[in-house]
Amino acid sequence: MNIIMQSVQRMLGYMRKAIQEFDMIQDGDHIAVGVSGGKDSMVLLMGLTELRRFIGIDYKLTAITIDPLFDGERTDYSPVAELCAKGGVDFKLIETDIARIVFDIKKDPNPCSLCAKLRRGALHTATKELGCNKLALGHNYDDAVETFMMNLFNEGRIGCFAPVSYMSKRDLTVIRPMVLAPERDVLRCAEGAELTVVKSKCPEAGHTYRQVTKDMLKELEKTNRGVTARIFGAMRRAKVDGWAGKEFENYVCKTSVRS
């Protein structure tokens, strides 16, 4: 097996394990895939498309892209459209006024939170309008650890987004099939599969607190190798926001019996 196939197969393995461990997808699901055009969402779309062939679950996919119209201009999302066409996935591109609201009207000095909130709202609305019962997002293993650390340092609380979460007000389930995949493997998969990534036009790209947290964890890894994995393991053993999963539930039960 060549390097390209290995990187793709490894990613499909991560996704399959997460889907099964957290019981993410069932027969008959119509899943909206949030696709920004970045490496994570493009790999997510490709992975969910490929998994339909052998995972043994009958589900339908629709890709949704929210264009904030940064600088009042449309972004070229043709790579997303082409990937959808290749995999036989319906594609919906939605143009919004999000950038104008965030940067021109609100003029928030810390715009990321508001932008993310508005994009989530637009994505959730589109998901329901298109008749989907689930929304898949491309957060990976590193994103989970970073979010946990950001909540700890910024808000003084123990918490993270969940692998699977049900929003009763929307009657919508959000799933994150790539949560067991390290970012380095997501990147290798994107490169190996020769996926064309859509570069973000956001003026804040690369200058967010998430980037600061990412850099901090990289520095910690240099002097304390494996710290990211240990934080992730602690999140799961502590069952933070549904992170235990079947594997860690079984581990805890066996440990309790032995003790």
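The values are calculated or read from the model by the stated rules, or taken from the named source; none is laboratory data. Keep in mind the model is a prediction, meaning the values are calculated, not measured. As a convention, Cβ positions derive from the backbone with ideal geometry for all residues, glycine included, and neighbour counts pool all protein chains shown. Side chains are part of the model used for accessible areas, which takes the heavy atoms of the whole protein and leaves out ligands, DNA and RNA. Shrake-Rupley method; radii C 1.70, N 1.55, O 1.52, S 1.80 Å.
General observations
- Any hit, region 10-25, residues being out of contact with any Leu (no Cβ under 8 Å at 6 or more places or on another chain), under 19 Å from R188 (Cβ atoms), open to solvent by 10 Å² or more (accessible area, probe 1.4 Å) and in a helix (DSSP H, G or I): yes
- Output for region 176-200, where each listed residue is basic (K, R) and surrounded by 16 or more Cβ atoms within 10 Å (Cβ to Cβ): R176, R188
- Criterion (in a loop (DSSP other than H, G, I, E, B) and surrounded by 15 or more Cβ atoms within 10 Å (Cβ to Cβ)) met by exactly one of T75, T62: T75
- Output for region 60-79, where each listed residue is touching a helix residue (DSSP H, G or I) at 6+ places or on another chain (Cβ under 8 Å) and within 20 Å of G138 (Cα to Cα): L61, A63, I64, T65, I66, P68, P79
- Candidates T147, T173, T208: the one that is surrounded by 13 or more Cβ atoms within 10 Å (Cβ to Cβ) and touching a strand residue (DSSP E or B) at 6+ places or on another chain (Cβ under 7 Å) is T173.
- Annotation: L135 fulfils all but one of (1) modelled with pLDDT under 95; (2) crowded, with 18+ Cβ neighbours inside 10 Å; (3) out of contact with any Lys or Arg (no Cβ under 8 Å at 6 or more places or on another chain); the unmet one is (1).
- Residue match in region 107-116 (condition: at pLDDT 95 or above and of a type outside the set (S, T, N, Q)): no
- Complete set of residues in region 26-41 that are at positive phi and open to solvent by 30 Å² or more (accessible area, probe 1.4 Å): G28
- Residues considered: K106, K128. Of these, the only one that is open to solvent by 70 Å² or more (accessible area, probe 1.4 Å) and out of contact with any strand residue (DSSP E or B) (no Cβ under 7 Å at 6 or more places or on another chain) is K106.
Residues are listed down the side, and each one gets a yes or a no for (1) farther than 29 Å from A244 by Cα; (2) of a type outside the set (K, R); (3) within 17 Å of the chain's Cα centre (by Cα):
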residue: G87; (1), (2), (3): yes, yes, no
residue: I94; (1), (2), (3): yes, yes, no
residue: K106; (1), (2), (3): yes, no, no
residue: L130; (1), (2), (3): yes, yes, no
residue: G138; (1), (2), (3): no, yes, yes
residue: I158; (1), (2), (3): no, yes, no
residue: S165; (1), (2), (3): no, yes, yes
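- Candidate set from region 1-49 (those that are charged (D, E, K, R) and out of contact with any helix residue (DSSP H, G or I) (no Cβ under 7 Å at 6 or more places or on another chain)); member that is nearest to V240 (Cα to Cα): D23
- When region 186-212 is filtered for residues that are assigned to a helix (DSSP H, G or I), under 17 Å from the mean Cα position of the chain (by Cα) and β-branched (V, I, T), only V186 remains.
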